[in-house]
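**Student:** Before we start, here is the structure in question, set down as structure tokens.
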Amino acid sequence: MLHIVKYRSWYSNTHTSVYPREVVKAALHCNAAGVILAHNHPSGVAEPSEADLRLTSSLVQALALVDIRVLDHFVVAGSQVHSFAEHGQL
């Protein structure tokens, strides 16, 4: 059974960069066994960009080094949601 231990947002008004080391640090701080990632696409297109795919791959690799699984990564665009897990992109 999964339990949400903590919700964390990396959003700021000046940038939307996410650094794998910061995600790993936050997951370790929570003693997480797994994480679920999500972000929005204001464009209204839920299809992940090449940058989304690269970042997700980097996060999966970085978290795997400390035995933390990425369970899913959701891209939300209006009422549309793209699941990396459902599309075999993890």
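**Student:** Could you say which residue among 38, 26, 77, 85 is at pLDDT 95 or above, out of contact with any helix residue (DSSP H, G or I) (no Cβ under 7 Å at 6 or more places or on another chain) and of a type outside the set (S, T, N, Q)?
**Tutor:** Of the residues listed, the single one that is at pLDDT 95 or above, out of contact with any helix residue (DSSP H, G or I) (no Cβ under 7 Å at 6 or more places or on another chain) and of a type outside the set (S, T, N, Q) is 85.
**Student:** So, one more: Looking at the stretch 49-60, which of its residues are more than 12 Å from the chain's Cα centre (by Cα) and either within 13 Å of residue 18 (Cα to Cα) or not in a loop (DSSP other than H, G, I, E, B) (or both)?
**Tutor:** The answer is 50, 51.
**Student:** Then there's this: Exactly one condition in (1) modelled with pLDDT under 95; (2) surrounded by 11 or more Cβ atoms within 10 Å (Cβ to Cβ); (3) not in a loop (DSSP other than H, G, I, E, B) is false for residue 90; which is it?
**Tutor:** Unmet for residue 90, out of (1) modelled with pLDDT under 95; (2) surrounded by 11 or more Cβ atoms within 10 Å (Cβ to Cβ); (3) not in a loop (DSSP other than H, G, I, E, B): (3).
**Student:** Being farther than 13 Å from residue 23 by Cα and either free of Cβ contacts under 8 Å to residues at least 12 places away in the same chain or under 10 Å from the mean Cα position of the chain (by Cα) (or both) narrows it down to one of 71, 90, 37, so name that one.
**Tutor:** Answer to the check: 71.
The values are calculated or read from the model by the stated rules, or taken from the named source; none is laboratory data. These numbers come from a predicted model, not from an experiment. Every residue, glycine among them, receives a Cβ derived from its backbone with ideal geometry; neighbour counts consider all protein chains shown.
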